[in-house]
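Just so it is clear, none of the values below were taken in a lab; they were calculated from the coordinates. All figures in this text were calculated on a predicted structure; none of them were measured in a lab. All Cβ positions, even for glycine, are placed from backbone atoms using ideal geometry, and neighbour counts span all protein chains on display.
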Ligand SMILES: Nc1ncnc2c1ncn2[C@@H]1O[C@H](COP(=O)(O)OP(=O)(O)O)[C@@H](O)[C@H]1O
Ligand SMILES: [Mg+2]
């Protein structure tokens, strides 16, 4: 493996919590890599092992082929943007940025020049002599970035750097981070629990759950081809059907037995065999809704449903439907004739249709995953499903 | 709103602070002025204060013993303060870093000695350091002190016991500052390339500088005025100014002379305090203080 950063079978336990559980992971040079997962899944612990604040109980961490597992943080060419920025309150903006090179005993004049360059880069020249409690949240983040980058690290670690900012600022800093990454070209490892941040910034994403990695891939791979039910539910929304493989119809497809539905077919990328118990996962925007019975081609699944709720969201409409025992979410883009069409309303009977390749079969998820993700029960009668709970945030 | 309230407060400020101001004037400034004034009065043969004014007492401060005693008072106090800060700062650091459930116990451990009388604790030291005591014998057996040497009745013993008595007063303000310190800053410093010592020096100490200042004042000032400790564990060669003031008052019954010495000591206390306060003001001026 020629990965720039490598975690090899790394584990870390706190008391009886397995914060990181036998993780192996490779990150490429220059990549914007994101660790994504719910709070408490071990992202920070993994990042801290790379920064040097945490020793793994077992396993190794390699940077550029060199084992750095035992190296103290000050000897690693890695710098961190902390969640609260951890700027030094007793120093000015300028002194904060100069901290690294000063500690490294670089000549005073050289340090001053570098700091001036950094101040220009983050557009904070006018605030150089302010104290940390005199600048805004966004400015603090920029100072934290400058303070890290001035050391020319091989890797920049970011632990939920946007969490402390309000929505507008978060969107702006997101763009700034992306620009900084393009400018300096070093490897970024970005920790977040926000899928939007991870998806929009990262070249590749590792989705974590309960100390282990569920899936690594490009954002589009993670979204379009989730490998586990955890990923399918955590990234975006999905409709889950419980079923059993009834028949393997060809190399790529199977026929599923799902209570209340007739002959649903699905894409079989995991080589499942007859009799396997599975979840069928279908994204809400992959399902088409119509008043009239659609043409039933061999490549489409068709089902009937009753409309429970219609939520107009401007860019699209979200329908909550009842079909058999299931409560389903369906998103429909509008076309420009939306006002002329006879709208679909509450209690209407409709047809659903989706391409067989848009249905993924996944292993049944564990109870613990459900609690972690707050997956609302999909089956009617299993608790009271609050429609809004599954709405995209 | 906030501005209006500020204005209101400013207008009422003299009235609000009046009681404490009166307290300060009546109980501190007036007595201090009286002590200074008495230094310029003659003494009468019955231990009272005579009529008229004289510079005689001030001249008697020229006693060739006094410079040595004043110098000893200052270096013992400074050494006590330095030793206390050196011991208390790491102690406060570790207290603040222990889990929140253990911390109250540690604070209690620091305070517990106060439940025993100050005098009893110093007598305990006399027992511990006694020439026939176990510590002396142990050290002598290890040839660390001569067989006929003494652990008591010299400046070393005074310093040791002064450090012992002042240490809790140094630990408490330092702990209060360390507890408020954001320890994630230490990780940030390590992350930026500073080793553990550099991190402690450049980030932790500036972070608790308020506590350091308080600890310095609350150990230095009592140490300068101490007389019980040198009286009990010190000898003739380790007298401090406090001993002299006590002698002039109780033995010579020369109040003007005692007052002159007190004034001298008061100046020795006031000068470093004023210096420290100016220093703190300066810091606050450039915005440091606001963070607290
Ligand atoms: N210093 C610690 N002591 C005890 N438990 C910890 C410590 N750090 C993290 N944990 C536990 O390890 C798990 C993973 O934590 P963390 O890596 O911070 O997760 P994340 O960053 O994904 O929210 C959590 O259950 C957390 O409670
Ligand atoms: Mg975290």
* **Shielding by partners - mean other protein chain Cβ count within 10 Å, residues of A:82-93** => 5
* Asked: What nm distance separates the two modelled labels at residue A:71 and residue B:44, each placed 7 Å from Cα along Cα→Cβ?
  -> 8.5
* How large is the helix-only mean residue ellipticity at 222 nm for chain B, computed as the sum of -39500 (n - 2.57) over DSSP H runs with n ≥ 4, divided by its residue count, in deg cm²/dmol to the nearest 500? -> -22000 deg cm²/dmol
* Asked: What Kirkwood radius, in Å to one decimal, follows from the Cα pairs of segment A:43-130?
  -> 15.0
* **Choice from B:195, B:242, B:207 with maximal GNM fluctuation in chain B (Cα, 10 Å cutoff)** => B:195
* Asked: Given a cut-off of 31 Å, what percent of all Cα-Cα pairs of chain B lie beyond it?
  -> 47
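Viscosity 1.306 mPa s, temperature 10 °C: what is the translational diffusion coefficient of segment B:6-106 from Stokes-Einstein with a Kirkwood Rh over Cα pairs, rounded to a whole number of µm²/s?
Once the numbers are plugged in, D ends up at 81 µm²/s.
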* Asked: Using Cα atoms only, what is the angle between the long axis of helix A:93-103 and the major principal axis of chain A, expressed in degrees (0 to 90) to the nearest 10?
  -> 70
* To do: With runs of 4+ DSSP H residues as the only contributors, calculate the mean residue ellipticity of chain A at 222 nm using -39,500 (n - 2.57) per run, divided by the residue total and rounded to the nearest 500.
  => -7000 deg cm²/dmol
* Using the alpha-carbon atoms, what tilt in degrees (0 to 90, nearest 10) does helix A:167-184 show relative to the longest principal axis of chain A? -> 60
* Structure fact -> So the FRET efficiency between residue A:133 and residue B:127, C-beta based with R0 = 45 Å and rounded to 0.05, is 0.30
* Asked: Across all directions of projection, what mean area in square nanometres is found for the Cα convex hull of segment A:207-266?
  -> 5.2
* Alpha carbon centre of segment B:151-194 versus segment A:1-74: separation in Å? -> 36
* **Cα-projected label distance for residue A:116 with residue A:300, points at 7 Å along beta-carbon direction, nm** => 6.8
* **Folded to 0 to 90 degrees: helix A:137-149 orientation relative to chain A principal axis, Cα** => 60
* Label-point separation (nm) for residue A:184 and residue A:225, each offset 7 Å from Cα along Cα-to-Cβ? -> 3.4
* Go ahead and set up a Gaussian network model of chain B, Cα springs under 10 Å, then flag whichever of B:267, B:174, B:241 fluctuates most. => B:267
* **Residue among A:170, A:94, A:109 with the largest mean-square fluctuation in a Gaussian network model of chain A, springs linking Cα atoms under 10 Å** => A:109
* Asked: Across peptide B:178-189, how many C-beta atoms of other chains are within 10 Å of each residue C-beta, on average?
  -> 4
* Alpha carbon Rg of chain A, scaled by the compact-globule rule 2.2 N^0.38 Å -> 1.17
* To do: Within a 10 angstrom radius of each residue's Cβ in A:127-137, how many Cβ atoms of other chains show up on average? Whole number is fine.
  => 1
* segment A:3-224: projected area of the alpha-carbon convex hull, averaged over directions, in nm² -> 12.3
* Provide the convex hull volume over Cα atoms per residue for the protein assembly as shown, in Å³. => 275
* Asked: Extension gain residue A:257-residue A:57, at 0.36 nm per residue separation less the Cα-Cα distance, in nm?
  -> 67.5 nm
